[in-house]
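Novice: Have a look at this one before I ask anything.
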Amino acid sequence: MLRRLLLTAAVSATAALSWAPGATAATGTPVSDTPGVAAVPLVAPSAPSARTALSGFAELTAFPGVPSSWAAVADGLTPPAALMPPPARPEDSSDRLTVTVAGAGGGADGTFELDCHPAGGTHPHAAEACERLDRMTTWGKDTFAPVPPDALCTMEYGGPATAHVTGTWAGRPVDARYDRSNGCEISRWNALMPVLPGTRP
């Protein structure tokens, strides 16, 4: 009896080993190479991976109207970076600002037009102001950015002068306000001189 059980187990193991290489996991249909022995179907994972699912989405980019950059995203690559306008260049012709100053004194108050590339307008120091803006302009940064809300600023007062700069610079709209109410604002004002005027002591 024991000998019969061992013989049956050996035959079953041999059948399983001889069948496994020929099994069709894709269809789930077992194939047995041993006549008279029932094949035991193999179970293969059927859930597609995230990358496999996305590869099907990437194929959609072959159709018109679907951005080709989606293929890179679907393939697990880094999403396309946001496009940034280039810095000011000598050949630009749309760099035009309106500078309105109040409270500076010494004849510096008023509204002035500043054209750059080429320099012109009613600004009293147009060429120097344009040159200063060119030096301050850096790819991906706002030349007229305000003081960060979490900045630590000295409690000093630089006078009542205020300024409002509007227009277009390096292909981007500008709407920036300036004052001299603390150390950070004073430094921000001074950094933009001579676009903004010096103030009376």
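The values are calculated or read from the model by the stated rules, or taken from the named source; none is laboratory data. What you see is a predicted model; the values in this text were computed from it and never measured. Because the Cβ atoms are built from the backbone with ideal geometry, glycine has one as well, and the counts that use them run over all protein chains shown.
Novice: Quick check on segment 92-102. Is at least one of its residues closer than 20 Å to G198 by Cβ, surrounded by 14 or more Cβ atoms within 10 Å (Cβ to Cβ), among the aliphatic types (A, V, I, L, M) and in contact with a Phe, Trp or Tyr (Cβ under 6 Å, 6 or more places away or on another chain)? Don't jump to the end; show me each part of the working.
Specialist: Applying the first criterion (closer than 20 Å to G198 by Cβ) to segment 92-102 yields 97-102.
From what is left, the residues that are surrounded by 14 or more Cβ atoms within 10 Å (Cβ to Cβ) are 97-102.
This time we only want the ones that are among the aliphatic types (A, V, I, L, M), so: 97, 99, 101-102.
Checking the rest, the ones that are also in contact with a Phe, Trp or Tyr (Cβ under 6 Å, 6 or more places away or on another chain) come to 99.
Yes; the residues of segment 92-102 include at least one that is closer than 20 Å to G198 by Cβ, surrounded by 14 or more Cβ atoms within 10 Å (Cβ to Cβ), among the aliphatic types (A, V, I, L, M) and in contact with a Phe, Trp or Tyr (Cβ under 6 Å, 6 or more places away or on another chain).
Novice: Look at segment 173-188 and say how many of its residues are more than 29 Å from the chain's Cα centre (by Cα) and crowded, with 20+ Cβ neighbours inside 10 Å.
Specialist: Adding up the residues that qualify gives 2.
Novice: Starting from residues that are part of a strand (DSSP E or B) and out of contact with any Lys or Arg (no Cβ under 9 Å at 6 or more places or on another chain), keep the ones in segment 111-127 and report whichever is surrounded by the most Cβ atoms within 10 Å (Cβ to Cβ).
Specialist: Kept after step one, since they are part of a strand (DSSP E or B), are these residues of segment 111-127: 111-116, 120-121.
Pick out the ones that are also out of contact with any Lys or Arg (no Cβ under 9 Å at 6 or more places or on another chain) and you get 111-112, 120.
Values: T111: 11, F112: 19, G120: 14.
Ranking the candidates gives F112 first.
Okay, residues lined up against (1) hydroxyl-bearing (S, T, Y); (2) at pLDDT below 95; (3) surrounded by 13 or more Cβ atoms within 10 Å (Cβ to Cβ); (4) not in a strand (DSSP E or B):
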site: L152; (1), (2), (3), (4): no, no, no, yes
site: V165; (1), (2), (3), (4): no, no, yes, no
site: V195; (1), (2), (3), (4): no, no, yes, yes
site: P201; (1), (2), (3), (4): no, yes, no, yes
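Novice: Could you give me the residue pairs with C-beta distances under 7 Å whose first residue belongs to segment 128-142 and is part of a loop (DSSP other than H, G, I, E, B), whose second residue is aliphatic (A, V, I, L, M) wherever it lies, and which are 6+ apart or on separate chains?
Specialist: Cβ pairs passing all conditions: T137/A88; T137/A170; W139/M84; G140/M84.
Novice: What number goes with the only condition from (1) among the aliphatic types (A, V, I, L, M); (2) at pLDDT 95 or above; (3) buried (at least 17 other Cβ atoms within 10 Å of the Cβ) that A170 does not pass?
Specialist: (2)
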